[in-house]
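One structure below.
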Amino acid sequence: MRTLVRATNWVGDVVMSLPAVRALRAADTKGTLAILARPWVAELYRLLPEVDEVIVDDATGGDADANARERLVGEIRAARFDRAVILPTSFRSAWALARAGVPERIGYRGEWRGALLTRAVSLSLASAEHQVWKHLRLSEAADAASAGAPDVSWPVSAAVRQAARERLAGAGWKGGAFAAAHVASFAHAAKRWELGRFAAVFDELAARRGLPVVLLGSAGEKSVNGEAAGLAKKARVLDLSGVTSLPEALGILADATLFLGNDSGLAHLAGAAGTPSVVVFGPTDPEATRPWDGPRGDGKRVRLALARRRALCAPCRFAVCPIDHTCMSAVTPADVLAAIDTVFPA
């Protein structure tokens with residue numbers, strides 16, 4: 001059977017979709033498993049041994065021309081897939097696959113797209129249920145076996161690690177232990193902890209443990225990273241925002257002694273790589289969106305700590321806080337340093 005998985009658009013969801021992808025692969029070991037993904041996450045799916053093909057959806061956005069959608073539909077039609085498992089809940093993701101004539105289309109109903117699906121599934125996550133199950137339930141609807149213990153561990157190849165080390169060396173890294181950090185949140189400012197507090201933690205990591213810090217992020221996050229680096233007084237900070245591919249970022253995270261950051265896609269990648277991680281949570285719900293901390297298929301011990309001070313208005317999921325941002329401002333450097341000690345004892 002030829003199965004196409006329409007991927008979600010965000011890095012964290014790539015990680016959270018891994019158990020579903022693996023379940024679909026296990027259910028049809030001799031068939032073809034392809035991924036349809038936006039350009040920025042397609043390169044991550046290409047790293048997975050479970051995936052046979054990756055089709056890039058570049059038919060939307062500022063770089064897409066007027067005929068891009070028709071070309072994509074034609075490419076999918078020519079590939080003659082037997083079925084599609086549609087992870088996003090948008091109308092457009094189902095519309096493209098229906099137009100391409102994929103015979104079986106499995107996805108969540110909603111957004112007026114029920115008629116575009118041959119198997120429309122009701123989304124029934126409980127309020128405190130992790131998003132990893134959202135993707136797994138679609139794989140189950142596609143007749144894959146239920147996952148007893150979802151596994152998001154990511155095998156990082158020697159080639160990916162070597163490319164990451166070359167990128168680090170080009171930025172001035174001389175070898176040795178380091179902490180990786182993601183202090184920005186390009187699309188969700190409310191999830192961003194105060195940069196001065198990050199800088200204070202960086203200085204303590206330098207003073208107590210001798211760790212330099214490698215800042216990761218997109219080109220759009222470079223100004224935020226630069227501000228955080230400038231606020232650090234003792235720590236050596238290397239800013240790699242905008243210069244790493246996502247596979248290189250994964251390799252850097254896999255080699256890091258520690259990851260520190262906001263609730264973001266890179267936090268999920270760090271957890272998937274098995275790196276001890278501390279994540280600051282505020283407006284979002286850690287029960288649903290924390291890096292998955294279930295048992296790992298590679299046998300590594302899961303080391304994840306959340307730095308959080310509960311607020312009555314959280315979780316709210318606002319992109320920008322309309323009031324006092326107390327869910328984040330109440331978290332102190334001491335809170336984060338204590339969390340670090342739980343995953344990375346001195």
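So which residues in the stretch 171-203 are in contact with a helix residue (DSSP H, G or I) (Cβ under 6 Å, 6 or more places away or on another chain) and touching a residue at least 40 places away in the same chain (Cβ under 8 Å)? I'd like the intermediate steps shown before the answer.
To start, the set of residues in the stretch 171-203 that are in contact with a helix residue (DSSP H, G or I) (Cβ under 6 Å, 6 or more places away or on another chain) comprises 179-180, 182-186, 193, 195-201.
Within the stretch 171-203, ALA179, ALA180, HIS182, VAL183, ALA184, SER185, TRP193, ARG197, PHE198, ALA200, VAL201 meet the criteria.
Can you tell me which residue is nearest to the chain's Cα centre (by Cα) among those in the stretch 307-328 that are modelled with pLDDT under 80 and among the small types (Gly, Ala, Ser)?
Only one residue tops the list, namely ALA314.
Considering the stretch 38-63 alone, what residues qualify as being closer than 18 Å to PRO155 by Cβ, under 20 Å from the mean Cα position of the chain (by Cα) and part of a loop (DSSP other than H, G, I, E, B)?
Start the filter on the stretch 38-63 by keeping residues that are closer than 18 Å to PRO155 by Cβ, which leaves 41, 43-52, 54.
Pick out the ones that are also under 20 Å from the mean Cα position of the chain (by Cα) and you get 41, 43-51, 54.
Selection gives ARG46, LEU47, LEU48, PRO49, GLU50, VAL51.
Do you know which of the residues in the stretch 171-196 that are aliphatic (A, V, I, L, M) and assigned to a loop (DSSP other than H, G, I, E, B) is nearest to ALA256 (Cα to Cα)? I'd like the intermediate steps shown before the answer.
Taking the stretch 171-196 as the starting set, the residues that turn out to be aliphatic (A, V, I, L, M) are 171, 177, 179-181, 183-184, 187, 189-190, 195.
Going one step further and asking which of them are assigned to a loop (DSSP other than H, G, I, E, B), we end up with 171, 177, 183-184, 187.
On the way: ALA171: 15, ALA177: 7, VAL183: 16, ALA184: 18, ALA187: 25 Å.
Looking at residues that are aliphatic (A, V, I, L, M) and assigned to a loop (DSSP other than H, G, I, E, B), I get ALA177.
Specify which of the listed residues (PHE344, PHE281) is over 27 Å from TRP133 (Cα atoms) and touching a residue at least 12 places away in the same chain (Cβ under 8 Å).
PHE344
For the stretch 77-102, name all the residues that are surrounded by fewer than 16 Cβ atoms within 10 Å (Cβ to Cβ), at pLDDT 95 or above and of a type outside the set (Lys, Arg).
ALA78, ASP82, GLY101
Would you point out the residue of the stretch 17-37, among those that are over 15 Å from the mean Cα position of the chain (by Cα) and under 25 Å from THR289 (Cβ atoms), that is surrounded by the fewest Cβ atoms within 10 Å (Cβ to Cβ)? Walk me through how you get there before you give the answer.
Residues of the stretch 17-37 over 15 Å from the mean Cα position of the chain (by Cα): 22-36.
Filter once more, keeping what is under 25 Å from THR289 (Cβ atoms): 22-25, 35-36.
Details: ARG22: 22, ALA23: 23, LEU24: 23, ARG25: 20, ILE35: 27, LEU36: 27.
In this case the residue turns out to be ARG25.
Which pairs do you get when a residue that is of a type outside the set (A, V, I, L, M), found in the stretch 128-157, comes within reach of a residue that is surrounded by 19 or more Cβ atoms within 10 Å (Cβ to Cβ) and part of a loop (DSSP other than H, G, I, E, B), reach meaning Cβ atoms under 6 angstrom, with the pair 6+ apart or on two chains?
HIS135/SER17; HIS135/LEU87
So VAL331 passes all but one of these: (1) in a helix (DSSP H, G or I); (2) touching a strand residue (DSSP E or B) at 6+ places or on another chain (Cβ under 8 Å); (3) crowded, with 20+ Cβ neighbours inside 10 Å; (4) at pLDDT 90 or above. Which condition number does it fail?
Going through the list (1) in a helix (DSSP H, G or I); (2) touching a strand residue (DSSP E or B) at 6+ places or on another chain (Cβ under 8 Å); (3) crowded, with 20+ Cβ neighbours inside 10 Å; (4) at pLDDT 90 or above, VAL331 breaks only (1).
Tell me the residue from LEU136, LEU168 that is under 20 Å from ALA26 (Cβ atoms), at pLDDT 90 or above, in contact with a helix residue (DSSP H, G or I) (Cβ under 8 Å, 6 or more places away or on another chain) and not in a strand (DSSP E or B), please. It would help to see each step written out before you state the result.
On the way: LEU168 fails: under 20 Å from ALA26 (Cβ atoms).
When all the criteria are applied, what remains is LEU136.
Picking from LEU260, LEU304, LEU250, which residue would you name as being of a type outside the set (Ser, Thr, Tyr), under 17 Å from the mean Cα position of the chain (by Cα) and closer than 19 Å to GLU194 by Cα? First the steps, then the outcome.
Values: LEU304 fails: closer than 19 Å to GLU194 by Cα; LEU250 fails: closer than 19 Å to GLU194 by Cα.
Matching residue, one of LEU260, LEU304, LEU250: LEU260.
Output the residues belonging to the stretch 1-37 that are β-branched (Val, Ile, Thr), touching a Pro at 6+ places or on another chain (Cβ under 9 Å) and part of a loop (DSSP other than H, G, I, E, B).
Filtering the stretch 1-37 down to residues β-branched (Val, Ile, Thr) leaves 3, 5, 8, 11, 14-15, 21, 29, 32, 35.
Of the ones still in play, those that are also touching a Pro at 6+ places or on another chain (Cβ under 9 Å) are 8, 15.
Within the stretch 1-37, just THR8 meets the criteria.
Can you spot a residue in the stretch 280-296 that is more than 30 Å from LEU48 (Cα to Cα), assigned by TED's automatic domain parsing to the domain that holds ALA232 and more than 17 Å from the chain's Cα centre (by Cα)?
Yes: one or more hits.
Take the conditions surrounded by 14 or more Cβ atoms within 10 Å (Cβ to Cβ), modelled with pLDDT under 95 and under 18 Å from THR3 (Cβ atoms) and apply them to ALA141. Does it pass? I'd like the intermediate steps shown before the answer.
Working: surrounded by 14 or more Cβ atoms within 10 Å (Cβ to Cβ): yes; modelled with pLDDT under 95: yes; under 18 Å from THR3 (Cβ atoms): yes.
Judged against the criteria, ALA141 is a match.
Inside the stretch 307-317, can you point out the residues that are crowded, with 18+ Cβ neighbours inside 10 Å and among the hydrophobic types (A, V, I, L, M, F, W, C)?
Those that are crowded, with 18+ Cβ neighbours inside 10 Å and among the hydrophobic types (A, V, I, L, M, F, W, C): ALA307, ALA311, ALA314.
The values are calculated or read from the model by the stated rules, or taken from the named source; none is laboratory data. None of these values were measured; they are calculated from a predicted model. All Cβ positions, even for glycine, are placed from backbone atoms using ideal geometry, and neighbour counts span all protein chains on display.
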